[in-house]
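Colleague: Please find one structure pasted underneath; my questions will follow.
The values are calculated or read from the model by the stated rules, or taken from the named source; none is laboratory data. Keep in mind it's a predicted model, so treat the numbers as computed, not measured. Cβ: placed from backbone, ideal geometry, glycine included. Neighbour counts: every protein chain shown. Note: accessible area is taken over every heavy atom of the protein model, side chains too, but ligands, DNA and RNA are not part of it. Shrake-Rupley method; radii C 1.70, N 1.55, O 1.52, S 1.80 Å.
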Amino acid sequence: MIPEREGNIRIDFVVEIPKNLQGTCRSVTLQPCIIQGDEFIRLQELVIRGALFNKVQNRNYWQFNHFAATKSDSIALEKAFNRFIKYPYPEHVRVDSIINNPASITFHYSQQIPTDGISPNVKIVMEGSVAGLDGSSYKMPVTDTLQYNISSMINFIDTTARHKLRIIDKHVVATDRTYLQFYANDSQLIDTLGDNKLELDKIKSLLERVIELDEFHVDSIIITAAASPEGHYHINERIAKERALSVRNYMAELYPALEEGLVVQWIAEDWDHLRRLIINSEALSNKEAIITIIDTEEDADKRERKIQTNYPIDYKYLRSEFYPFLRTVDIKCSLRRKDMVKDTIVTREVDLNYARGVDFLRKRKYGDAISILYEYRDRNTVIALMSMGNNEAALEILNKMETTAIHEYLKAILMLRLGRRKEGFQCFINSCNLDENMQFRAKLDPEINELITN
């Protein structure tokens, strides 16, 4: 049994290289491998080189370096390397030893392995090979399999489904805002003007989604067009109305069955929207004064003239940056559930987001799990935090939860990790008093075993 800590396990084992595999003219390479399904995850190598073998390597590298000093062509250098270097120096190895007198060698090997995505039963074999200066080579047979069982907090996952309340309304509204472009003082809908094709596709997509909702009946679709403040108010009002009608006709042509429910509204000049844009802007020098004019001058035409006359630079900015966003067509679809009598129904349903977090936890994807589970602050949150090494945060949550055998057991582990052994031992005793089976679990857990034996 090996404990998982901070999303990793550490495997310790002893590698023995017998005398008959060694020699001054040989190089022995050993590589531990984890078997994960059909995949071999190779760990760092161990290399034992004989003294004469190493001298030949050094001589070959000296010859290559001497040749390379006079060449710059990369292809020629690559060919030369393959010609001179028959036995390259080992790279990225765990240990590289050179021996003069062959003898049986024992090496203590320790490897830290991330547990993300690996199975709870870790199987390890050893591969190896021997190379000789006489050109001989020997591939060692794969050793017998060693199996390590991971003692992980995920054994304490609470698999109880979590539910949440869902409020279902009889009446539902779907909305969208489009920025259709028209020629000045015109209401004709031209799909090749600006981004109109994209905006019309948005309208079409919204209507398609509404119609495909079999559980809903479409009560009405309100089309509200708005114009920007330049020009006379009464002209803008007419233009906004005509533009709303153009969009209505477009929608009625697409879906004639919706025509009776299409309602037209218009806003001559959307000053409320403009006011919000001005408040959130940092680019206007006279923002407060302009807002005062908007709030105090009732006549829309005079309002715009005052801004233009008193603050021409800011007005120019409004015309170029804000006015285009006032020429909008808003669509509001009012839907009604067909078979629902009450206006509101409250129902309980499985919290799928929580279930997704628990699934990440089972797969030891702790970062993904905690991003979902942290807000719930329950046992599974504690397990995710413990597995990532966030022991103090885990203990803080655990201290606010009810006292159970499992919770006391988890506290015992946390206390041990935080150096509070006496408190940890008491938590373990509490756990066993609440559930005598916990003492049998302790025999399989290296951390608790360390707590109660020392």
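Colleague: Compute the distance from the alpha-carbon center of segment 201-244 to that of segment 370-397, in whole Å.
Modeller: 49 Å
Colleague: While we're on this one: Roughly how tilted is helix 51-68, in degrees to the nearest 10 and between 0 and 90, from the longest Cα axis of the chain?
Modeller: 50 degrees
Colleague: Please compute the per residue accessible area over segment 372-449 with all protein chains in place, 1.4 Å probe, rounded to a whole number of Å².
Modeller: Numbers: 3740 Å² over 78 residues.
Value for segment 372-449: 48 Å² per residue.
Colleague: Further question on the same structure: Along each of the three principal axes of the Cα atoms of segment 25-66, give the extent in whole Å, ordering the values from largest to smallest.
Modeller: Principal-axis extents of the Cα atoms in segment 25-66, largest first: 47, 21, 12 Å.
Colleague: Same structure, new question: Using a probe of 1.4 angstrom, how much of the accessible area of the chain is carbon and sulfur, in percent?
Modeller: 49 percent
Colleague: Excluding ligands, DNA and RNA, what is the solvent-accessible area per residue of segment 1-160 at a probe of 1.4 Å, expressed in Å²? Numbers along the way, then the final one.
Modeller: Numbers: 9410 Å² over 160 residues.
On a per-residue basis, 59 Å².
Colleague: (i) 25.4, 87; (ii) 24.0, 69; (iii) 37.5, 105: which one is Rg and Dmax of the Cα atoms in Å as calculated from this entry?
Modeller: Given (i) 25.4, 87; (ii) 24.0, 69; (iii) 37.5, 105, the structure-derived one carries the label (iii).
Colleague: Once each part is reduced to its C-alpha centroid, what is the distance from segment 8-52 to segment 349-366 in angstrom?
Modeller: 39 Å
Colleague: Explain nothing, just compute: Karplus ³J(HN,Hα) = 6.51 cos²θ - 1.76 cosθ + 1.60, θ = phi - 60°, for every residue of segment 158-171 in order, whole Hz, x for Gly and Pro.
Modeller: Ordered by residue, 3J(HN,Hα) equals 7, 8, 5, 5, 9, 10, 9, 7, 10, 9, 9, 9, 5, 9 Hz.
Colleague: What's the angle, to the nearest 10 degrees (0 to 90), between helix 233-254's Cα axis and the longest principal axis of the chain?
Modeller: For 233-254 against the chain, the angle is about 60 degrees.
Colleague: Arrange the residues Ser431, Ser104 by how much accessible surface each exposes, largest first, with a 1.4 angstrom probe. Write down the numbers at each step before the final one.
Modeller: Numbers: Ser431 0, Ser104 70 Å².
If we order Ser431, Ser104 from most to least accessible, we get Ser104, Ser431.
Colleague: While we're looking at this one, here's another question. Sorted by accessible area (1.4 Å probe), largest first, how do Trp62, Trp266, Trp271 line up? Display every interim value, and only then the final one.
Modeller: Numbers: Trp62 165, Trp266 95, Trp271 20 Å².
Ranking Trp62, Trp266, Trp271 by accessible area, largest first, yields Trp62, Trp266, Trp271.
Colleague: Residue by residue through segment 291-308, what is 3J(HN,Hα) from phi via Karplus (6.51 cos²θ - 1.76 cosθ + 1.60, θ = phi - 60°)? Round to whole Hz and write x for glycine and proline.
Modeller: 4, 4, 4, 4, 6, 9, 8, 7, 6, 4, 5, 5, 4, 5, 4, 4, 5, 5
Colleague: On to the next question. Output the direction-averaged projected area (hull surface divided by four) of the convex hull of the alpha-carbon atoms of segment 1-143, in nm². If you can, show how the numbers build up before the last one.
Modeller: Values: hull surface 44.9 nm².
Answer in nm², one decimal: 11.2.
Colleague: Something else about it: Report Rg/Rh for segment 191-323, rounded to two decimals, where Rg is the Cα radius of gyration and Rh the Kirkwood radius. Walk me through the numbers before you get to the answer.
Modeller: Details: Rg = 18.3 Å, Rh = 17.0 Å.
So for segment 191-323, dividing Rg by the Kirkwood Rh gives 1.08.
Colleague: Please get the size of the charge dipole for segment 96-184, origin at its Cα centre, with Cβ charges of +1 on Lys and Arg and -1 on Asp and Glu, quoted in debye to the nearest 20.
Modeller: On the way: 7 positive and 8 negative charges, 144 e Å.
Dipole magnitude for segment 96-184 comes out near 700 debye.
Colleague: Which value, in Å² and to the nearest 10, is the accessible area of Phe322 when all protein chains are kept and the probe is 1.4 Å?
Modeller: 20 Å²
Colleague: I would also like to ask the following. Calculate one ³J(HN,Hα) per residue across segment 144-155 by plugging θ = phi - 60° into the Karplus curve 6.51 cos²θ - 1.76 cosθ + 1.60, and present them in order as whole Hz with x for glycine and proline.
Modeller: Once rounded to whole Hz, the list reads 4, 7, 9, 10, 10, 9, 7, 8, 10, 5, 5, 5.
Colleague: If packing is taken as the average number of other Cβ atoms within 10 Å across a peptide's residues, how do 161-167, 172-178 rank, most packed first?
Modeller: Working: 161-167: 11.1, 172-178: 14.6.
Ranked from most to least packed, the peptides come out as 172-178, 161-167.
Colleague: What is the sum of charges around Ala225, taking Lys and Arg as +1, Asp and Glu as -1, for the other residues whose C-beta is under 14 Å from the C-beta of Ala225? Let's see the in-between values first.
Modeller: On the way: positive: Arg177, Arg238, Lys241, Arg243, Arg248, Arg327, Lys332; negative: Asp176, Asp186, Glu199, Glu237, Glu242, Glu269, Asp270, Asp330.
Computed value for this residue: -1.
Colleague: OK, next. Amide H neighbours of Asp219 under 5 Å, counting only residues 5+ apart in sequence or on other chains, H built in-plane at 1.01 Å?
Modeller: Answer set, sorted by chain and number: Ser334, Leu335, Arg336.
Colleague: Right, next: Residues with amide H under 5 Å of Trp266's amide H, sequence separation 5 or more or different chain, H placed in the peptide plane at 1.01 Å from N; which?
Modeller: Residues meeting the criterion, in which the H sits 1.01 Å from N, are Ala225.
Colleague: Next up: Cα axis of helix 74-84 to longest principal axis of the chain: angle in degrees, 0 to 90, nearest 10?
Modeller: Result, in degrees: 20.
Colleague: Amide H of Ile99: which non-local residues (sequence gap of 5 or more, or other chain) have their own amide H closer than 5 Å, using H built in the peptide plane?
Modeller: Distant-sequence amide H within range of Ile99: Arg49, Gly50, Ala51.
Colleague: Could you check the simple spin-label distance between Arg362 and Glu392, using points 7 Å along Cα→Cβ, in nm with one decimal?
Modeller: About 3.4 nm, to one decimal.
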